[in-house]
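Structure record follows, encoded as structure tokens.
The values are calculated or read from the model by the stated rules, or taken from the named source; none is laboratory data. Since we're looking at a predicted model, the values are computed, not measured. Note that we place each Cβ from the backbone using ideal geometry, even for glycine, and neighbour counts take in every protein chain shown. When the accessible area is computed, the model is the full protein with side chains, heavy atoms only, and any ligands, DNA or RNA have been set aside. Shrake-Rupley method; radii C 1.70, N 1.55, O 1.52, S 1.80 Å.
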Amino acid sequence: MQITVLGKSPAMPDAGGACSGYLVSEGDFRLLLDCGTGVFAKLRMFCEPNDVDTILITHMHADHVADLLPFGHALSFPLRHLAHRPRLLVPPGGAQRIQEISEVFGIGYQLEQAFAVEEYEPASVLTVGPLETRFQEVPHYIRTWACELRTPIGRRFTFGADCAPNEALPAFAAHSDLLILEATEGTSVQPADDDGIRGHMTAQEAGEMARAAQARRLVITHFSDQLDPEAVRAAAAVSFGADVDLAHGGAVYVV
Ligand SMILES: [Zn+2]
Ligand SMILES: [Zn+2]
């Protein structure tokens, strides 16, 4: 299984970057994990829109779904015949959100016609092409699911989505071959929102989560280019207890 980072930015895209998006391939099968702001243009650097078999969405924040709009447009007005509609797997309640997005932007049923929209059942193990997918709900500002993609020979890639520190994710990601975790808060906890709820992690907390999971490899993502990358890397590495990678557009990981 090969994972290509299309975008690693938090909600404000890095200069020249894109928000959450990862292209996962296993043989001829291609899955797009999240489709945030700017991801569609990056996707086109690696494959044709028609080549994507499945899109999997962790949660319905704009930095994880906004580029479903240009993706849907591309599939609705193709320059060549469409062989299929990609499967669009959204969280519970996501299908309603897709309808609402379509209404707001006045595009009729374009998204529903471009994609085979399907809400996943988080408690079940989902088969997506040759991969098996499991889900774990994680604490964030809206309902959000971390996910695991497992190959037929048992290789595991775990994506933590957006989340505050929690105990569920290390158990879910235990001994994962590749764990990609967010560190939106950088090297120190940012002032909480008015309600005091946290929805993100620091790099140190991401390292602690990965250490608790005994992950084989940790990649830090969803951090701003306004942060000092080496400080982010160092904070995560100290708490993880081993080297970590920082995600960047075009980075490729093989699991
Ligand atoms: Zn989010
Ligand atoms: Zn996000």
- request: Go through the range 9-21 residue by residue and turn each phi into a ³J(HN,Hα) via Karplus (6.51, -1.76, 1.60, θ = phi - 60°); whole Hz please, and just put x for glycine and proline.
  value: 5, x, 4, 8, x, 4, 4, x, x, 9, 7, 4, x
message: Run through the range 30-89 and list the trypsin sites (Lys or Arg not before Pro) located in a DSSP loop whose Cβ has at most 11 other Cβ atoms within 10 Å.
response: Arg80
- prompt: Most mobile of Gly196, Gly17, Gly129 per a Gaussian network model of the chain (Cα springs, under 10 Å)?
  reply: Gly196
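Just subtract the alpha-carbon distance of Gln214 and Phe46 from 0.36 nm times their residue separation and send over the number in nm, one decimal.
Values: separation 168, 0.36 × 168 = 60.48 nm, distance 3.17 nm.
57.3 nm is the gain from fully extending Gln214 to Phe46.
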Neighbourhood charge, 9 Å Cβ-Cβ cut-off, centred on Phe135 and excluding it, Lys, Arg +1 and Asp, Glu -1: -2
task: May I ask which residue of His59, Pro92, Pro122 lies farthest towards the positive end of the charge dipole of the range 1-130, with charges of +1 (Lys, Arg) and -1 (Asp, Glu) on Cβ and the Cα centre as origin?
output: His59
- line: Expected unfolding gain across Asp228-His248 under the 0.36 nm per residue rule, minus the alpha-carbon gap, is 5.8 nm
- request: Keeping the other protein chains in place, figure out the carbon and sulfur percent of the accessible area of the chain, with a 1.4 Å probe.
  value: 51
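What's the FRET efficiency of Arg155 with Asp28 using the Cβ-Cβ distance as r and R₀ = 30 Å, to the nearest 0.05?
Details: r = 17 Å, r/R0 = 0.57.
That gives a FRET efficiency of 0.95.
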field: Probe 1.4 Å, accessible area per residue of the chain, Å²
entry: 43
message: Could you give each residue of the range 128-144 its phi-based ³J(HN,Hα) in whole Hz, using Karplus coefficients 6.51, -1.76, 1.60 with θ = phi - 60°, and x for Gly or Pro?
response: 10, x, x, 9, 10, 10, 10, 10, 9, 5, 10, x, 8, 6, 10, 4, 9
field: Only Lys, Arg (+1) and Asp, Glu (-1) charged, at Cβ; the chain dipole about Cα centre in debye
entry: 700
field: Low-density loop positions, chymotrypsin sites (Phe, Trp or Tyr not before Pro), the range 40-106 - DSSP coil, at most 13 other Cβ in 10 Å
entry: none
- line: Within the range 162-255, DSSP-loop GluC sites (Glu not before Pro) with at most 16 other C-beta atoms within 10 Å are Glu167
query: Using 7 Å Cα-to-Cβ label points, what is the Gln96/Tyr109 separation (nm, one decimal)?
result: 2.1
- request: Return the sequence-ordered ³J(HN,Hα) values of the range 171-182 in whole Hz as given by the Karplus equation 6.51 cos²θ - 1.76 cosθ + 1.60 applied to θ = phi - 60°, using x for Gly and Pro.
  value: 5, 4, 9, 3, 6, 4, 6, 9, 10, 10, 10, 7
